Amino acid sequence: MRGGMVSDLAPLVSVIIPTYNRVNSLRRTLDSLAQQTYPAVRFEVIVVDDGSTDTTPEIRDLAPLPVRYYRQGNQGAAAARNAGAVEARGELLVFLDDDVIVHECFLDALVAGHPRNSRTMTMGQFQPMHEDGHVYARIRARRHRRAMAKQATELPFSACVSNNLCIEKTAFMDIGLWQNALGDGPALWSDVVFGLNAWKCGYTLLVIPEAMAWHCDQWGSNLALSRERALHVARLGVLLFRQLPELKGHIPMFRDKEPIDVRFDSLPLIVRKLFYRVIALALVQDIVQATTRLVERLLPDSQLLEHLYHWQLGASIYKGYHQGLDDE
């Protein structure tokens with residue numbers, strides 16, 4: 001393990017990683033933490049095992065750096081993160097997931113960019129990891145890179161993420177911990193709920209572009225998995241709005257997927273909503289998917305592919321959201 005760019009007077013940082021049955025992925029995350037330039041004596045790593053049935057407990061002896069390991073019954077990711085925060089000794093908490101690989105300067109940059117004793121949360125910047133597989137993963141990564149911040153930038157609270165967030169421990173406790181509002185194991189919307197609660201308490205969210213990380217997200221490895229994920233997340237979005245109606249309007253992915261309301265919707269918004277209503281039809285989806293396969297084969301670097309992927313994901317969000325409405 002390296003030591004470094006920041007003096008030994010730097011704040012003590014607790015890196016909290018919830019995990020469940022992903023020991024190989026967890027090892028990659030820990031390998032990247034073992035290479036940090038941040039002083040080794042100024043950060044600790046806390047792994048909270050959410051009842052894994054694989055060889056995760058062996059990580060206590062096989063990890064490439066010292067790890068504080070805790071095990072709990074299968075209670076979900078939010079509970080695991082909270083358990084790690086309670087045990088943390090650091091004044092700064094950094095939440096990571098077990099499918100994240102961080103640059104060697106990640107902690108250095110994150111701590112250096114974090115305003116001390118202020119109502120600010122910071123997060124690093126992600127790049128997708130799957131670029132050498134399906135053409136979809138490569139196009140997705142290219143689009144993601146174009147959207148990356150070039151300098152520290154304030155983000156809306158809805159951009160809060162649970163797998164790459166830095167916050168002072170006192171602030172975390174003040175805001176009220178992670179909430180598994182929908183009762184699903186991965187706690188998919190807990191980050192946005194936390195962001196909302198933080199915003200209500202007067203906190204802002206800042207992205208630090210130099211704190212680079214790579215997300216080895218299996219759902220982003222191909223289009224079929226991304227569509228499946230979008231459908232599921234959108235369906236849960238209906239439950240989210242039912243519990244927290246104040247969130248409506250703050251999550252851009254749903255703005256043009258909701259039912260048309262001619263009393264309040266602008267004409268351009270009505271047109272976009274009609275577009276997704278049409279493109280979500282089974283026959284239209286068959287045509288779009290066939291076109292996508294053809295373009296992938298003939299023009300794999302075409303800008304058209306970005307639009308075709310975007311439309312298909314949008315159609316999945318539309319279908320998932322309206323399935324959720326039908327379930328009410």
Top-ranked residue of region 228-240 - restricted to ones that are over 12 Å from residue 322 (Cα atoms) and in contact with a helix residue (DSSP H, G or I) (Cβ under 6 Å, 6 or more places away or on another chain), ranked as surrounded by the most Cβ atoms within 10 Å (Cβ to Cβ): 230
Filtered residues of region 120-134 (kept if farther than 16 Å from residue 207 by Cβ and either modelled with pLDDT of 95 or more or surrounded by fewer than 19 Cβ atoms within 10 Å (Cβ to Cβ) (or both)): 131, 132, 133, 134
Residue match in region 189-197 (condition: in a helix (DSSP H, G or I), aromatic (Phe, Trp, Tyr) and not assigned by TED's automatic domain parsing to the domain that holds residue 246): yes
Meets criteria (without any contact (Cβ under 8 Å) to a residue 24 or more places away in the chain and either in a helix (DSSP H, G or I) or over 24 Å from residue 138 (Cα atoms) (or both)) for residue 259: no
Residue in region 51-65 that is hydrophobic (A, V, I, L, M, F, W, C), crowded, with 17+ Cβ neighbours inside 10 Å, farther than 17 Å from residue 215 by Cα and modelled with pLDDT of 95 or more present: no
All positions within region 242-271 that are farther than 21 Å from residue 326 by Cα and surrounded by 14 or more Cβ atoms within 10 Å (Cβ to Cβ): 250, 265, 269
Residue in region 275-294 that is surrounded by 12 or more Cβ atoms within 10 Å (Cβ to Cβ), more than 23 Å from the chain's Cα centre (by Cα) and in a loop (DSSP other than H, G, I, E, B) present: yes
Cβ-Cβ under 7 Å pairs, at least 6 apart or on other chains, region 165-177 side in contact (Cβ under 8 Å) with a residue 60 or more places away in the chain, far side not aliphatic (A, V, I, L, M) and not in a helix (DSSP H, G or I): 165/95; 166/114; 166/122; 168/91; 169/90; 169/91
Selection within region 36-62 - closer than 19 Å to residue 100 by Cα, touching a strand residue (DSSP E or B) at 6+ places or on another chain (Cβ under 8 Å) and part of a loop (DSSP other than H, G, I, E, B): 36, 38, 50, 52
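Residues are listed down the side, and each one gets a yes or a no for (1) among the basic types (Lys, Arg); (2) touching a Ser or Thr at 6+ places or on another chain (Cβ under 6 Å); (3) modelled with pLDDT of 95 or more:
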| site | (1), (2), (3) |
| --- | --- |
| 201 | no, no, yes |
| 211 | no, no, yes |
| 225 | no, no, no |
| 230 | no, yes, yes |
| 243 | no, no, no |
| 248 | yes, no, no |
| 264 | no, no, no |
Hits in region 213-255 (condition: part of a loop (DSSP other than H, G, I, E, B) and touching a residue at least 24 places away in the same chain (Cβ under 8 Å)): 216, 217, 221, 222, 244, 250, 251
Residues of region 77-113 satisfying the condition of being part of a loop (DSSP other than H, G, I, E, B) and surrounded by fewer than 22 Cβ atoms within 10 Å (Cβ to Cβ): 88, 89, 90, 91, 99, 103, 104, 105, 113
Those residues of region 121-177 which are assigned to a loop (DSSP other than H, G, I, E, B) and among the acidic types (Asp, Glu), in sequence order: 131, 132
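The values are calculated or read from the model by the stated rules, or taken from the named source; none is laboratory data. The structure displayed is predicted, hence computed values, not measured ones. Glycine also receives a Cβ, built like all others from the backbone with ideal geometry; neighbour counts cover every protein chain displayed.
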